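One structure is given below, encoded as structure tokens.
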Amino acid sequence: QVQLVESGGGLVQPGGSLRLSCAASGSISVIYAMGWYCQAPGKQRELVATITSGGTTNYADTVKGRFTISRDNAKNTVYLQMNSLKPEDTAVYYCSAIGATVRYWGQGTQVTVSS
């Protein structure tokens, strides 16, 4: 089992920034990538960004150039730096730990972009 604890969500004005953190614990040796996903009301959960253990990143087109995913392997923590936030970024953001045959999810953290 892998446990994921997210933090860093909140309310921010359009154009502002937030940094999300996700700390992993447990059987993390089975995990080869971590990612962030978001789910807005009435919509399906969708990819925001992923990062492999080797540091290869992948981003949704809607966040390229604005969001940056990074990881600290020593702390088993992945980060999502979100800049130039837009109202349409409002969603619950979930951290995910991805293994060859398993996937774990955090509890989610709310991000609201509004003036």
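The values are calculated or read from the model by the stated rules, or taken from the named source; none is laboratory data. Bear in mind the structure is a predicted one, so any value in this text is a computation, not a measurement. Counting neighbours? That spans all protein chains shown, and the Cβs are built from the backbone with ideal geometry, glycine included. In case anyone asks, the SASA skips ligands and DNA or RNA and just uses the protein heavy atoms, side chains included. Shrake-Rupley method; radii C 1.70, N 1.55, O 1.52, S 1.80 Å.
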The one condition residue 74 fails out of (1) modelled with pLDDT under 95; (2) open to solvent by less than 60 Å² (accessible area, probe 1.4 Å); (3) within 19 Å of residue 7 (Cα to Cα) is (2)
With the first residue restricted to the stretch 2-28 and required to be acidic (Asp, Glu), and the second required to be not in a strand (DSSP E or B), Cβ contacts under 8 Å at 6 or more apart or on different chains are 6/106; 6/107; 6/108
Scanning the stretch 44-57 for residues that are open to solvent by 70 Å² or more (accessible area, probe 1.4 Å) and either touching a residue at least 40 places away in the same chain (Cβ under 8 Å) or under 12 Å from the mean Cα position of the chain (by Cα) (or both), the one nearest to residue 33 (Cα to Cα) turns out to be 46
**OP:** Report yes if residue 40 is more than 19 Å from residue 85 (Cβ to Cβ), open to solvent by less than 60 Å² (accessible area, probe 1.4 Å) and among the small types (Gly, Ala, Ser), otherwise no.
**Re:** no
Of those in the stretch 8-54 that are modelled with pLDDT of 95 or more and of a type in the set (Ser, Thr, Tyr), the residue nearest to residue 91 (Cα to Cα) is 37
Looking across the stretch 80-115 at residues that are open to solvent by 20 Å² or more (accessible area, probe 1.4 Å) and in contact with a helix residue (DSSP H, G or I) (Cβ under 7 Å, 6 or more places away or on another chain), the single one that is farthest from residue 15 (Cα to Cα) is 102
Per the filter on the stretch 38-92, residues hydroxyl-bearing (Ser, Thr, Tyr) and part of a loop (DSSP other than H, G, I, E, B) are 53, 56, 62, 84, 90
